[in-house]
Amino acid sequence: MIHLQIKELIAAKTAQWGRRITLLEVSNATGISRMTLNRMMRQQGYNTVTDHLDKLCNYFQCDLNELVRYTPDCQISSACRSAMFLY
């Protein structure tokens, strides 16, 4: 599953920049609506466009791997590993 770490980046940049960062500020700076940003933060596996990812990386001055985290749906266990090698 793909998880967008917007909330985590807002917290990290708040500490780094020494001021509070609001969702409205991110929305105004990126052109992404607050509603869309809210969905991106709250819905696991939210389907977004690459343009939004680009704008967020630009705003937060981060790489894509800092914004997006991948967690396998199937935790790597012995049963899952054997199923992966069948193909």
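The values are calculated or read from the model by the stated rules, or taken from the named source; none is laboratory data. These figures come from a predicted structure and were not determined experimentally. Glycine gets a Cβ as well: all are built from the backbone with ideal geometry, and neighbour counts include every protein chain shown.
Residue under question is residue 1, and the condition is that it be modelled with pLDDT under 95 and touching an Asp or Glu at 6+ places or on another chain (Cβ under 6 Å); does it hold? Working first, answer last.
Numbers: modelled with pLDDT under 95: yes; touching an Asp or Glu at 6+ places or on another chain (Cβ under 6 Å): yes.
The answer is yes for residue 1.
Which numbered condition trips up residue 30, out of (1) exposed (fewer than 14 other Cβ atoms within 10 Å of the Cβ); (2) over 15 Å from residue 7 (Cα atoms)?
Among (1) exposed (fewer than 14 other Cβ atoms within 10 Å of the Cβ); (2) over 15 Å from residue 7 (Cα atoms), residue 30 violates only (1).
Could you identify the single residue in 73, 63 that is among the charged types (D, E, K, R) and at pLDDT 95 or above? Give the derivation first.
On the way: 73 fails: at pLDDT 95 or above.
The unique qualifying residue is 63.
Among 63, 54, which is of a type outside the set (A, V, I, L, M) and in contact with a Leu (Cβ under 9 Å, 6 or more places away or on another chain)? Spell out how you get there, then give the answer.
On the way: 63 fails: in contact with a Leu (Cβ under 9 Å, 6 or more places away or on another chain).
When all the criteria are applied, what remains is 54.
For residues that are surrounded by 15 or more Cβ atoms within 10 Å (Cβ to Cβ) and either over 20 Å from residue 22 (Cα atoms) or in contact with a His (Cβ under 9 Å, 6 or more places away or on another chain) (or both), tally how many sit in the range 51-72.
1
Could you say which residue among 59, 46 is hydroxyl-bearing (Ser, Thr, Tyr), touching a residue at least 40 places away in the same chain (Cβ under 8 Å) and out of contact with any Cys (no Cβ under 8 Å at 6 or more places or on another chain)?
Going through 59, 46 in turn, just one is hydroxyl-bearing (Ser, Thr, Tyr), touching a residue at least 40 places away in the same chain (Cβ under 8 Å) and out of contact with any Cys (no Cβ under 8 Å at 6 or more places or on another chain): 46.
Return the residues of the range 7-19 that are surrounded by 12 or more Cβ atoms within 10 Å (Cβ to Cβ) and farther than 14 Å from residue 61 by Cβ; say none if nothing qualifies.
7, 8, 11
Is there a residue in the range 59-67 that is in a strand (DSSP E or B) and under 21 Å from residue 2 (Cβ atoms)?
So in the range 59-67, the residues in a strand (DSSP E or B) come out as none.
Within the range 59-67, not a single residue is in a strand (DSSP E or B) and under 21 Å from residue 2 (Cβ atoms).
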